[in-house]
1. Restricting attention to segment 26-53, which residues are more than 14 Å from residue 3 (Cβ to Cβ), β-branched (Val, Ile, Thr) and either at pLDDT below 95 or part of a helix (DSSP H, G or I) (or both)?
2. Taking the condition of being in a loop (DSSP other than H, G, I, E, B) and without any contact (Cβ under 8 Å) to a residue 12 or more places away in the chain, how many residues in segment 54-64 meet it?
3. Condition test on residue 44, is it charged (D, E, K, R) and either surrounded by 12 or more Cβ atoms within 10 Å (Cβ to Cβ) or out of contact with any Lys or Arg (no Cβ under 8 Å at 6 or more places or on another chain) (or both)?
Amino acid sequence: MRHIIQFQVIKGDRQYVATGVDLPIVTQAPTLDELTQNIQEAVDLHLDDADLKELDLAAAPSVLVNFELAAHA
């Protein structure tokens, strides 16, 4: 049973994009603060009325966000 929902964040041309690692959730926003709010809202909506056991999730999972930085040339 997983206790953590993971997201990978990348900086696009205009937006930050967060993609769920284990769940099919994708959201975006122009700032990291807004992205944080969007991730929480997207997770809440995705898990609303979901059977957490069926998703192999603990009752109150945490959200972990990884931010990928572009490599320097």
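The values are calculated or read from the model by the stated rules, or taken from the named source; none is laboratory data. Small disclaimer: the values here were computed from a predicted structure and weren't measured. All Cβ positions, even for glycine, are placed from backbone atoms using ideal geometry, and neighbour counts span all protein chains on display.
1. 36, 39
2. At the first step, the residues of segment 54-64 found to be in a loop (DSSP other than H, G, I, E, B) are 54-56.
Within this subset, residues satisfying the condition of being without any contact (Cβ under 8 Å) to a residue 12 or more places away in the chain are 54.
Number satisfying all stated conditions: 1.
3. Numbers: charged (D, E, K, R): yes; either surrounded by 12 or more Cβ atoms within 10 Å (Cβ to Cβ) or out of contact with any Lys or Arg (no Cβ under 8 Å at 6 or more places or on another chain) (or both): yes.
Taking the combined requirement at face value, the residue satisfies it.
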